[in-house]
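Shown next, in structure tokens, is the structure this report addresses.
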């Protein structure tokens, strides 16, 4: 009888847990869908930013080429170009090259970040779906456990009781299997979130570098 009471408590806890897990999983799904939409928009935006940065890098190289050409022309006495003009143009070209290189690096980090955020949102959504499956299966386990308890208390045949016990035992194994799957996905999610944290640190460094470059102007 004591074992039956323990099983009844477990069944009740499984039922209560399942209700909470279903609610949390559904809310997590809504959050993940919203994050996925935002990540896709950000990814497109940063793809354009990367393209603009590439164009500016090309422009910076051309500016430097022009300055070198002017220096060559001046040195060969083909045209008169003042030292002040050349110095000013060279300084600006050097500054612009550093700035555009930094902007390109920032754009690439932004794009990687958005892509990773999209992957994280997808994984969150998949994890939430798996958690929802877990909650439903846990609820099914509780039902099977309660059914077994009713059979025992109702003095059902040994065959029915054994059959019911086997069913809830198999269901319990299924719950454990899905729970392990959830744990694995959460580990993967943690790894990706750590990667995202590293990218954000890298971005912070590049943004600091940009501020230093701007002060050189």
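The values are calculated or read from the model by the stated rules, or taken from the named source; none is laboratory data. This one's a predicted model, so the numbers in the text were calculated from it and none came from an experiment. Here the Cβ is made from the backbone with ideal geometry for all residues, glycine too, and neighbour counts use every protein chain on show.
Assorted remarks:
- Residues in the range 24-37 that are surrounded by 14 or more Cβ atoms within 10 Å (Cβ to Cβ) and either free of Cβ contacts under 8 Å to residues at least 12 places away in the same chain or not in a helix (DSSP H, G or I) (or both): there are none.
- Only listed residue being touching a residue at least 24 places away in the same chain (Cβ under 8 Å), under 25 Å from residue 4 (Cβ atoms) and in a helix (DSSP H, G or I), chosen from 119, 115, 140, 126: 140
- Condition met for residue 106 (crowded, with 17+ Cβ neighbours inside 10 Å, part of a helix (DSSP H, G or I) and modelled with pLDDT of 90 or more): yes
- Taking (1) over 22 Å from residue 19 (Cα atoms); (2) part of a helix (DSSP H, G or I) in turn, residue 132 satisfies each apart from (1).
- Residues of the range 159-217 classified as farther than 23 Å from residue 145 by Cβ and touching a residue at least 24 places away in the same chain (Cβ under 8 Å), total: 20
- Pair list, Cβ < 7 Å and 6+ apart or interchain, from the range 68-79 residues that are free of Cβ contacts under 8 Å to residues at least 24 places away in the same chain to residues that are exposed (fewer than 10 other Cβ atoms within 10 Å of the Cβ) and in a loop (DSSP other than H, G, I, E, B): 73/79
- Selection within the range 66-84: residues that are in contact with a helix residue (DSSP H, G or I) (Cβ under 8 Å, 6 or more places away or on another chain) and within 23 Å of residue 97 (Cα to Cα). The member of this set that is surrounded by the most Cβ atoms within 10 Å (Cβ to Cβ) is 67.
- Qualifying residue in the range 50-59 (condition: touching a residue at least 60 places away in the same chain (Cβ under 8 Å), more than 30 Å from residue 154 (Cα to Cα), exposed (fewer than 14 other Cβ atoms within 10 Å of the Cβ) and within 34 Å of the chain's Cα centre (by Cα)): no
- Test result for residue 166, more than 30 Å from residue 189 (Cβ to Cβ), at pLDDT 95 or above and out of contact with any helix residue (DSSP H, G or I) (no Cβ under 9 Å at 6 or more places or on another chain): yes
- Residue within the range 144-156 that is without any contact (Cβ under 8 Å) to a residue 12 or more places away in the chain, surrounded by fewer than 20 Cβ atoms within 10 Å (Cβ to Cβ) and part of a helix (DSSP H, G or I) present: yes
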